[in-house]
Structures are given as structure tokens and as C-alpha cells.
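One structure below.
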Amino acid sequence: MVKLVVVLALVLAIVGILLGAIGSALLGNDYFVPIPEVHLAPQEVFTIGGFVVTNTLLSAWLTTFVILLLFGLGTRKMSFVPGRLQGLLEFLIEALFGFVKGVAGEKYARKWFPLLATIFIFVAFNAWMALLPIYPTVGFTKEGSDHITTHLFRSAGTDINMPLALAVIAFIFIEIWGFRVHGLGYLKEFIRIGNPIQMFIGLIELISHFIRLVSFTFRLFGNMLAGEIVLFMMTFLTIIITPVIFYGLEILVGGVQALVFMGLTLVFAVMAVATHGDHSQEDSEAESH
Amino acid sequence: MDTLIQVADAAKFLAVGLAGLGLAGVGIGLGIVGSGAMNALGRNPEARDAIAPNMILALAFTEAIGIYGLVTAILLIFVA
């Protein structure tokens, strides 16, 4: 039985390669799937007044709606012994909270958890929902072409504004907590009076704090955009079976990038609030969970 | 004038290829991170819960550098 399925999958994969771009070029047919156009900027879908709604913004709204629906349904009739949906959501929240507590310690984990969990859930849901079939298939065609030129939904991470917004939020979060815990003494990290080497190190610290904006943005943006391009290209080159492997890769990448965004915000916040006296206490707290 | 445009196009494609060369370092770096994690895991298989999330974090950091190169290449192709 398994052998039959494997043989069938292999035959379909070869058929896909032959019908796809490689086979079409070799045999001289027309392309079965139209050549994908890669856009760096998001495309406009409609305008409300003067406000342009792009397909990535529409997709972010859809993701927000789905998250709110999911969590709203799960917390409607909460019972001490959870039902299935509530149990699933509790598992997710407890896993995230365990991760945050393991890195930040009990005291800060409770205060930071809402923002960090929101970052993770928003990024992960945006990345995973982009793998649904309605994303590449629903769209508008231009006059005179028979394939979609503007998709209705597009993964929100492929628009550089979403990663940039999250990076700015994370940056402000880290700096505010640094000032909250240390007061104005937080600036002593950057402005170190002493020998020139100390002042240089302080300058490097300042630059590295601001570079986080760039690195957060481009890490998420690059991963999401590259994932979208890879999926388009693999569907163009081999129509069936082989793109499934890349969908699996995209599921992994979406989850990992969400975890990395949250984990890095968490680690930088821990470094910002750390007072250099009690390092040993924080280390033992992190190990003893 | 046409030759100038062709030279500019050729230079653009060369630049895109050069932007991709940076990925060699990223590949080596990822291998080093993985190798360090495998060594630690081999010495102490019970430390799996401590090693695995840190390895994923280090992998993502290193991967990000490669993503910068990729974004540069994409920007060159489509915008420049």
C-alpha cells in the first residue's frame, strides 16, 4: 500500500516537472503556470477616501480577525477543566510563557509576556496563513492578460512596513524598560566617561541598539519575501508534488522566525534591565526552572 | 547609447551575483553552529533542553546575515 502511494507520488512528480517550466522549455510548449512576477512593494487593492489599502494590509486584517476569533471562541465559556479549543490555546500560552520565564525570570516574565506573546502569535499566524490556497489564487487580472496580476491577499510579512512596525515596537519596548529600571542611569551604558576606549565602546553600544531596528526588520522581511519567491518559483518549475516539500519548509520558517523575533526582543530586554550586580542570581533563576 | 545601457545591465547582473557570494560565509557559519551543538549534544545527551533552543536562536542570527545579502540582491534586481 505504501509502495503504491510512493510510486504514484513519484510519477506525479515527474509529470509535474515535465509539464512545468523545464519540460515546457525542452519540449517547446507554452508555460502551464504563468511566469511569476515578483513585487517588492505591496499592491493596492482598493482605496477608502484617500487611504490606500494594499493586499498585505488586507491580509494583516484577516489575520487579526482570525486570531481574535480563535481566542474569543476559546475563552467564551472557560472552565477549570478545559475543553478542546481552550486546552489547545492553553497549551500554546503555557509553552510561550515557559519559554519567556526561562529566559527572563519570574518577575519580568509576567510583565513582558503580553507583548512578547502577541509578537509571536501575530508573526506566526501571518506566516502560516499565507500558505492557505486562497492566497495565491484569488486576485485581479489586468486588461488583456489571462492570469492574476494583483493578488487579493499577500503575506503581511512581505511588506516591509509590518516587520518595521514590529521592530519599532520592540525597540521602544526595550528602551522604555531600560529607562524604567535604571532611570537616567541607563544612559551610562552609552556614555562612559573614561579612557577613549571606554568612550568608543559606549558609542558602539549606542549604534548596536539602533542597528537592531534594521536587523529585526530585514531578518523577518527577508525570510518572508524569500519564502514567497521560493514557493512561486517551485510552483512555476514543478507544478505538483515538489512544492509540497517547500510548503513544509515555509511552515518551519514561519514558526522559527516568530520564535526568533520574540526571543531576541526578550533577550535584549533582559540585557537592558540587567543590573551588573546580580548576574549570578539571574543565572541560577534561569537554570532552576 | 545602447552599448552604455547594455554595460549598465551587465554590471547590474554582475553586482547581483556578487551579492550572492556573501552566502558562502553564512553557510560555513551555520555549519559551525550546528557542529558546536552536535559536539555538545554528543558529550552530554541529557542537556538537550538547554542546547536545542539556543542552537535555533544562533542559527536564526547567522541566517539573518545571509538574508541581508539576499535582500540586497533582490533590491538590485527589481528596483535598481
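Quick notes on this structure:
- Range of Cα positions in segment A:220-279 per principal axis (Å), largest first: 59, 17, 10
- Acute angle (nearest 10 degrees) that the helix A:2-19 long axis makes with the longest principal axis of chain A, alpha-carbon atoms: 80 degrees
- Within chain A, longest stretch clear of exposed trypsin sites (Lys or Arg not before Pro) (DSSP loop, no more than 14 other Cβ within 10 Å): A:143-289
- Computed label-point distance, nm, for sites A:Val2 and A:Leu40 using a 7 Å Cα→Cβ extension: 4.8 nm
- Across chain A, the longest run free of exposed loop sites, meaning chymotrypsin sites (Phe, Trp or Tyr not before Pro) lying outside DSSP classes H, G, I, E and B with no more than 14 other Cβ atoms within 10 Å, spans A:81-289.
- Of the residues A:Tyr31, A:Gly98, A:Thr56, the one whose Cα sits farthest towards the positive end of the charge dipole of segment A:7-132 is A:Gly98 (charges of +1 on Lys and Arg Cβ, -1 on Asp and Glu Cβ, taken about the Cα centre).
- Structural size metrics of the protein assembly as shown, computed from C-alpha coordinates, are Rg and Dmax of 24.0, 77 Å.
- Annotated for chain A: lysine pairs at least 8 residues apart or interchain, Cα distance under 30 Å, count 7.
- Relative contact order of chain A, taken over Cα pairs closer than 8 Å and 6 or more residues apart, is 28 percent.
- Cα-centre dipole for segment A:14-287 with unit charges at Cβ (Lys and Arg positive, Asp and Glu negative), debye to 20: 580 debye
- Förster-model FRET efficiency, 35 Å R0, A:Leu213 and B:Ser35, C-beta, rounded to 0.05: 0.65
- Mean residue ellipticity, 222 nm, helices only, chain A: the sum of -39500 (n - 2.57) across DSSP H runs of n ≥ 4, divided by residue count and rounded to 500, is -23500 deg cm²/dmol.
- Chain A: angle of helix A:84-104 to the longest principal axis, Cα-based, in degrees nearest 10: 50 degrees
- Modelled this way, with points 7 Å down the Cα-to-C-beta line, the labels at A:Phe80 and A:Leu184 are 5.2 nm from one another.
- Max-minus-min Cα coordinates of segment A:1-152 on each principal axis give 66, 58, 32 Å, with the largest extent listed first.
- FRET efficiency for the A:Ala9 to A:Thr118 pair, using the beta carbon distance and R₀ = 41 Å, is estimated at 0.55.
- For chain B, the extents of the C-alpha atoms along the principal axes are 68, 17, 8 Å, listed from largest to smallest.
- With a cut-off of 18 Å on the backbone N, the residues of segment A:52-88 near the modelled label site 7 Å out from A:Val138 along Cα-Cβ are A:53-70.
- In this entry, segment A:147-288 is assigned a mean projected area of 12.7 nm², taken as a quarter of its C-alpha convex hull surface.
- One chain, two ends: A:Phe65 and A:Met271. Fully extended at 0.36 nm per residue, the span grows by 70.7 nm beyond their Cα-Cα distance.
Here, each number is a calculation from the coordinates, and none is a lab measurement. From a predicted model like this one, the values you see are computed outputs, not experimental measurements. All Cβ positions, glycine included, derive from the backbone under ideal geometry; neighbour counts span all protein chains shown.
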